[in-house]
Every structure is written in structure tokens, then in C-alpha cells.
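The values are calculated or read from the model by the stated rules, or taken from the named source; none is laboratory data. All figures in this text were calculated on a predicted structure; none of them were measured in a lab. Note: ideal-geometry Cβ built from the backbone for every residue, glycine included; neighbour counts use all protein chains shown. Protein only, heavy atoms only, side chains kept; ligands, DNA and RNA dropped before computing areas. Shrake-Rupley method; radii C 1.70, N 1.55, O 1.52, S 1.80 Å.
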Amino acid sequence: MKTRFAPSPTGYLHIGNIRTALLCFLYARKENGQFILRIDDTDEERSKEEYAQALQEDLAWLGMQPDQVYRQSERLSLYAQAVETLKKEGRLYPCFETAEELEMKRKLQLGRGQPPIYDRAALALTEADIQTKLASGQTPHWRFKLNNSTIAWQDEVRGAVKFEAGHMSDPILIRENGAYTYMLPSTVDDIEMQISHVLRGEDHVSNTAIQIQLFEALGATPPTFAHNALIQSKEGKLSKRKGAAKVRELREMNIAPLAVSSFLATLGSSNPVDLAASIDDLISQFNISHFSRSATQYSLEELMRLNTKWLHQADFNSIKPMLPVEQHSIDEDFWLAVRPNITALCELSDWWTICKEAITPDIDPEDRDFLISAEALLPTTLNDQTWQTWTSALKEQSGRKGKPLFMPLRRAMTGQDHGPELADMLPLIGRERITQRLLGNRA
Ligand code: GLU
């Protein structure tokens, strides 16, 4: 069992393509198979090394280590061999129409109410015609001649899929400038790498129909196909161009990789969207038949919800590398005290300020005397028992209990109505600041 993720390095990975990667990864790991990363970089103009690097970093960040990495630009001789095979079989033919001519034909067909399918005019060219065109400096593009048949497969997500080859244009495999379109290298590599399961977005369904004929023309049995439904944002389809959430943006937002993978592994499936305990858990839960073909919505809020859940149980070592430089002195005690009260890591800085920098206490004039006696009763050394002993003594002395006892203390000590357990906050804020704040001084 072997899957492959085959991104084109023409932009940063977004939530849609990384989901395809994740499904390929989980499927392979579940079946004890291999997960291949293949960088589809035959488009020299649009492919950039920066993106090829970035996508590998993004995969690593999410904990998806590929078993092997290939680049199509290093495999051109394999594609050239396949071209020879197809030519020999009479399945690849040169065409000389310009883009304008093709556009004209298309408009005419549409005007006549016909589907805009390539009319195969180039098939009528004789060898002499071709030689004349070549001699006059024209360069051809090359089309794959589809067999007129019904192309059918059992898709692991979409069920039975059927296409009539007679209703499709013969696809261009090689452009005039000699560059390969996506179609042929992808098929050649899937054959050569012995990919058993091609899992990709549903935008490739009609390519699959064509590629099934290519597999057969190249003497190979097509793999199993699964086309996952695309994720949509509220504005519609996600695409690189439309500024969909990029993986690196999520990383910059300090979202935990496990929250991202838990979210993407369950989105569009019958499994509830929830935080998994680990990536291994996602692997064991994975089942391709749980995925549905209906479109799913990407929601940052839902992702944040999983991230908050992750934060609430994260140990100090896992969040330490995420802390910005100015918060490097945050320690485990602080983290454990504040953890239940934050929904995003950026909120840490507010509590850090409250513990380590001067704030103005929030004191109701009616509570002033109560707070002065609280100050007098505050034990000299603060530890995890202090809160208990201090508030018991204070309760007895003042006769206050419940909210009237605790709220003035909280407001004076933190300037806030809500927050982490005061028992934990006491030692974090420190005696000096607490004393000053209880007395109503900025400290
Ligand atoms: N390079 C193609 C893409 O990024 C790969 C599609 C496939 O998985 O075959 O859409």
C-alpha cells in the first residue's frame, strides 16, 4: 500500500491541500504502507524552490514525515520514454492549432449548442503536412488520443464514477514549448512508484478518467482512486489565490499541530470533530469510507475550539517552544496556574503582566478596610497553603464569606473579575506586589 501527496510548489500550502496530505498520510500509516511526497515541479515558470522547501517544513510541522521525497524535474527522462511508447502506440499526435484558433473553434461549437470538444482536426494531417509545418518553423503541441469508451471506476469516496471518453477532449500532454502538462508525468510516476492508492481532491475527478486510459496505454493497471470533497470557506472554494488559511499562518498564530490535524482528519467524515490524543490516535481512527462526497466548510472558530482544548491539557514542555522571546521567563508554575483560563496562547501575556508588572488594583471604597485587614493577616512566606490559611483567618475576622470575601481580593490582586485560581496566583505575584495592591497602591 502506497499513497502519495503531489503538490505543485507554486504557492504555500493551505488548509485544503494539507488536508489531502493528511488523508494520504493517515491512510498509508493505517495500512502499514508508505507515504510518498512527490513535488510536481515540471512547470518551470511557476514552481519556486522557496515553496518546495516551505511545503516540506509544513508537513514536518504537522508531524507527517514522508518515507520518500521525489521531484518531477529530476525524472524527465522517464516521461520522455513514456512519450515514445505512446507515439508507438499511435496514442500521441501533434497538433498545430494556435490558442486563438482553438478558442474560435470552441466559440463556434458553443454557438451551435455543441459541447466544446477538440474536433481532432490534427488527426487528419498527413505525414507530409506535418513535415511542411515543421519545416516552416511551427512547433506542435501533443495530444493524447482517447479511446472512445466508457471509463468507470469505484471511487473510495464517491462510489461508482463513470465518464464517456467520447464526450471529452483529447488532452494536451506536451505544450508547444516542450513542457509537460500535469497529466503524463503524474501517471508515469504513479506507475513507476507503484502507488496503490491515489487520494486527491475532487477537482481531479475528470483528470482521473483521462489518466485511467493513460495507465492502460502505458501497460499498467490503474491504482485505487479516492477523491475527497473540497473544503469551502464561507466565501466559497478554497484556493491558493484566494488567500485561504495557509499552514504557515496557522503556525504563526501558535495553533498546535495536533489541533490542526485533528480538525482536518475528521472534517467531512462521519467521525465527530474533536481533539485527538495524538497523531497515532488519528491513524487508528482513520477509515476512508467515513468520508463523504459533500462539501465541507472550513471554520477557524472550530479549529480554535480544538486548539483551546489542546492548550488546557498541554504540558509546559510543549508550549515552551511557542512562547515569544519576551515571555521566555514564563515557568511551569505560571503555565499550570494560567492554562485553564486562556483560549489562545496570546492571552498568556495579559496574565504575565498581572503577575510580573505593575498594575492598578481595582478597589471598591467599601472594601478598603477589609483589604487593609487582609494585608495585615497575609502570612510572611507564600506557598500553596497560604490561600487556605489566609482566607480562613480573614473569614473569621471579617465575618465575610463567598463572593464578598473573595471578589474584593481578586480585584485588588489582579485588577480583574475573573481569572486563574487565586491560590496559584498568590505565589506567582509575590508578597511585595500583593501587599501594595491590597493597600490600593499601583504595584
Ligand atoms: N500537482 C497536482 C496538484 O497539486 C497533483 C494532483 C494529484 O494528486 O495528482 O493538484
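Tabulated results
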{"read-out": "Failed item in (1) within 24 Å of Leu184 (Cβ to Cβ); (2) more than 10 Å from the ligand (Cβ to nearest atom); (3) open to solvent by 10 Å² or more (accessible area, probe 1.4 Å), with Thr42 passing the rest", "value": "(2)"}
{"read-out": "Strands (runs of 3 or more DSSP E) contained in region 177-288 and holding at least 2 residues within 16 Å of the ligand (Cβ to nearest atom) and among the hydrophobic types (A, V, I, L, M, F, W, C)", "value": "197-201, 224-228"}
{"read-out": "Residue in region 401-443 that is nearest to Asp333 (Cα to Cα), counting only those that are among the hydrophobic types (A, V, I, L, M, F, W, C) and open to solvent by 60 Å² or more (accessible area, probe 1.4 Å)", "value": "Phe406"}
{"read-out": "Selected residue [in the same structural domain as Ala165 (by TED's automatic domain parsing) and either basic (Lys, Arg) or on the phi > 0 side of the Ramachandran plot (or both)] from Lys105, Lys48", "value": "Lys48"}
{"read-out": "Selected residue [open to solvent by less than 10 Å² (accessible area, probe 1.4 Å) and either at pLDDT 95 or above or among the aliphatic types (A, V, I, L, M) (or both)] from Leu22, Leu92", "value": "Leu22"}
{"read-out": "Residue in region 298-316 that is touching a strand residue (DSSP E or B) at 6+ places or on another chain (Cβ under 8 Å), within 30 Å of Pro257 (Cα to Cα) and not in a helix (DSSP H, G or I) present", "value": "yes"}
{"read-out": "Subset of region 376-386 (residues that are open to solvent by 40 Å² or more (accessible area, probe 1.4 Å) and assigned to a helix (DSSP H, G or I))", "value": "Ala376, Leu377"}
{"read-out": "Where a residue in region 195-220 is more than 21 Å from Gly90 (Cα to Cα) and open to solvent by less than 10 Å² (accessible area, probe 1.4 Å) and its partner, wherever it lies, is modelled with pLDDT under 95 and within 8 Å of the ligand (Cβ to nearest atom), with Cβ under 8 Å and at least six apart", "value": "Gly201/Asn17"}
{"read-out": "Qualifying residue in region 265-272 (condition: free of Cβ contacts under 8 Å to residues at least 12 places away in the same chain, closer than 23 Å to Tyr27 by Cβ and out of contact with any Asp or Glu (no Cβ under 8 Å at 6 or more places or on another chain))", "value": "yes"}
